[in-house]
Amino acid sequence: MQLKKAGWPVTVRTQSPSGRRQARRLGMVEADAVAMSSAELCLLTVPDGAVAAVARAVAPLLGRKTGLVHCAGALTLEVLQPAAAGRPTASFHPLVSVTGPETPLAGHSVAIATRSRVLAPLLGRLAQALGLRPVRVPEDGRAAYHAGAAMVASGLVSLFDAAIAAWEAAGVPEREATVALAALLRSALAGAEARGTVAAFTGPVVRGDAEVVRAHVHALPADVLPIYLALQHRVLSHAAARLPRPTVARVAAVLGPEPARRRRPSRRTRR
């Protein structure tokens, strides 16, 4: 719908009655055979697990030069093969936590991948029309890229939910906790964006205050504690270089055994 408002001719095709009702409600025109065969782009805005099947279903309806584009973050271009049958392929994954058709896209980023010299500039113009900033993600890094995006989107909301639960355990009403913690979250993110994540860390682990960390560990609800411990271990891994070794050891002892590391640590935590 936002693309239509930007002046691009857009039609939709959906197989479900609910999808058709929503399209009519939004004033979208359903794509007929002519629209399908003459389209420059066909965007597959379906769940990851449905991309291959939907690509196979719609490809025979498309023109030979129509770009077949999936919008799945974790998938490579290979998922569109062999359905593409020689058509140019691409992926276009907006980095936006979309909760409805009115979710604004402008000001966010979009991961674009294509091997087509024709689709690359076209998708760049599409991103510009939507106010999205293109980022390039290597095909062999799609899973890690998408995991990071999921951690910031639903993962951050899950962390927010856990923090609210901690405040409720302290006796603070949910609505009051939500308002106060949302403001704190915004200030923390603003600091990280302005100064970088390492410089934006605050709190008792950064200060080396093991006794405050111990109080946290004893006070948190059982379902929230593992989240707290995992996050504070990461904070400590960054703060350790600026703290005396005995202080680091005391904080680490309170946090307990560190979660099992992957065989390849992230580049940002290697020593």
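The values are calculated or read from the model by the stated rules, or taken from the named source; none is laboratory data. None of the values given here were measured: they were computed from a predicted structure. All Cβ positions, even for glycine, are placed from backbone atoms using ideal geometry, and neighbour counts span all protein chains on display. Note: areas computed on protein heavy atoms with side chains; ligands, DNA, RNA excluded. Shrake-Rupley method; radii C 1.70, N 1.55, O 1.52, S 1.80 Å.
Distance between Cα centroids, the range 47-102 to the range 1-29: provide it in whole Å. If we compute the Cα centre of each part, the gap is 17 Å.
Using a 1.4 Å probe on the protein heavy atoms, what percent of the accessible area of the chain belongs to carbon and sulfur?
Values: 9770 of 16500 Å².
On the chain, the fraction of accessible area on carbon and sulfur atoms equals 59 percent.
Report, to the nearest 10°, how far helix 174-195 tilts away from the longest principal axis of the Cα atoms in the chain, using its own Cα long axis and a range of 0 to 90°. It works out to around 80 degrees. The angle between the Cα long axis of helix 119-130 and the main principal axis of the chain comes to about 70°, on a 0 to 90 degree scale.
Rounded to the nearest 500, the 222 nm mean residue ellipticity of the chain from helices alone is -14500 deg cm²/dmol, with -39,500 (n - 2.57) taken per DSSP H run of at least 4 residues. Between 40, 78, 102, the residue with the greatest mean-square fluctuation in the GNM of the chain (Cα pairs under 10 Å linked by springs) is 102. So what's the net charge close to residue 244: Lys and Arg +1, Asp and Glu -1, counting the other residues with Cβ under 14 Å from its Cβ? Computed value for this residue: +3.
Taking only protein heavy atoms and a 1.4 Å probe, what accessible area per residue, in Å², does the range 52-93 have with all protein chains in place?
Working: 1630 Å² over 42 residues.
Here the residues of the range 52-93 average 39 Å² of exposed surface.
When 167, 8 are compared by accessible surface with a 1.4 Å probe, the order from highest to lowest is 167, 8. For the options 239, 183, 85, a Gaussian network treatment of the chain with springs between C-alpha atoms closer than 10 Å singles out 183 as fluctuating the most.
Could you tell me the ratio Rg/Rh of the chain? Both radii from Cα atoms, Rh via Kirkwood. Kindly include the intermediate steps, with their values, before the conclusion.
Working: Rg = 23.4 Å, Rh = 21.9 Å.
Taking Rg over the Kirkwood Rh, I get 1.07.
Note on residue 258 and residue 3: with the Förster distance fixed at 51 Å, the Cβ-Cβ geometry gives a FRET efficiency of about 0.65.
With everything on Cα atoms, drop me the angle between helix 154-169 and the longest principal axis of the chain, reported from 0 to 90° to the nearest 10. That works out to roughly 40 degrees.
Compactness ratio for the range 1-71: Cα radius of gyration over 2.2 N^0.38 Å (N = residue count) comes to 1.08. Based on Cα contacts under 8 Å between residues 6+ apart, the chain shows a relative contact order of 10 percent. Each 5 Å bin from 0 upward holds the following percent of the Cα-Cα pairs of the range 13-166: 2, 8, 16, 19, 21, 17, 10, 4, 2, 1, 0, 0.
Just checking the listed ones, 124, 191, 155: in the Gaussian network model of the chain with Cα springs under 10 Å, the one fluctuating most is 191.
For residue 13, the solvent-accessible surface with a 1.4 Å probe is about 120 Å², rounded to the nearest 10. Shape analysis of the range 57-129 based on the Cα gyration tensor places the equivalent ellipsoid semi-axes at 23, 14, 12 Å, largest first.
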